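In what follows, a structure is listed as structure tokens, so that the remarks can point back to it.
The values are calculated or read from the model by the stated rules, or taken from the named source; none is laboratory data. Nothing here was measured: the structure is a model prediction, and the numbers come from that model. Glycine also receives a Cβ, built like all others from the backbone with ideal geometry; neighbour counts cover every protein chain displayed.
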Amino acid sequence: MSYGPNWPTLFRAVPPYVDKILKGENPAEMPVAQPTSFYLAFNLKTAKMIGVDIPPTMLTRADRVIE
């Protein structure tokens with residue numbers, strides 16, 4: 001199982017910050033951006049090898065299922 005921020009979405013939030021900094025805004029006064037979109041993936045082959053059963057409800061929520 002892998003769960004973490006959706007990196008492409010997170011990187012799309014960077015240019016507005018760079019623009020503000022280049023225009024002279026103080027980075028210390030800017031709010032910290034946090035991820036709002038996350039990515040969930042399951043590797044069924046590995047789960048089967050270690051004897052872990054993943055509930056179907058979790059598989060339906062996954063962004064990617066590796067068989």
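A few notes on this one:
- Residue list for the stretch 1-32, filter: touching a Lys or Arg at 6+ places or on another chain (Cβ under 9 Å) and surrounded by 10 or more Cβ atoms within 10 Å (Cβ to Cβ): Ser2, Met30
For every residue, the table says whether it meets (1) at negative phi; (2) at pLDDT 95 or above; (3) of a type in the set (S, T, N, Q).
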residue: Trp7; (1), (2), (3): yes, no, no
residue: Leu10; (1), (2), (3): yes, no, no
residue: Gly24; (1), (2), (3): no, yes, no
residue: Asn43; (1), (2), (3): yes, yes, yes
residue: Ile50; (1), (2), (3): yes, yes, no
residue: Arg64; (1), (2), (3): yes, yes, no
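- Boolean, Val18 is touching a strand residue (DSSP E or B) at 6+ places or on another chain (Cβ under 7 Å), among the β-branched types (Val, Ile, Thr) and at negative phi: no
- Taken together, the criteria exclude Lys45 from residues that are of a type in the set (D, E, K, R), more than 30 Å from Glu67 (Cα to Cα) and either in contact (Cβ under 8 Å) with a residue 24 or more places away in the chain or outside any loop (DSSP other than H, G, I, E, B) (or both).
- Filter pass, Thr9 being assigned to a loop (DSSP other than H, G, I, E, B), touching a residue at least 24 places away in the same chain (Cβ under 8 Å) and polar (S, T, N, Q): no
- Selection status of Pro35, surrounded by 10 or more Cβ atoms within 10 Å (Cβ to Cβ), touching a helix residue (DSSP H, G or I) at 6+ places or on another chain (Cβ under 7 Å) and not hydrophobic (A, V, I, L, M, F, W, C): yes
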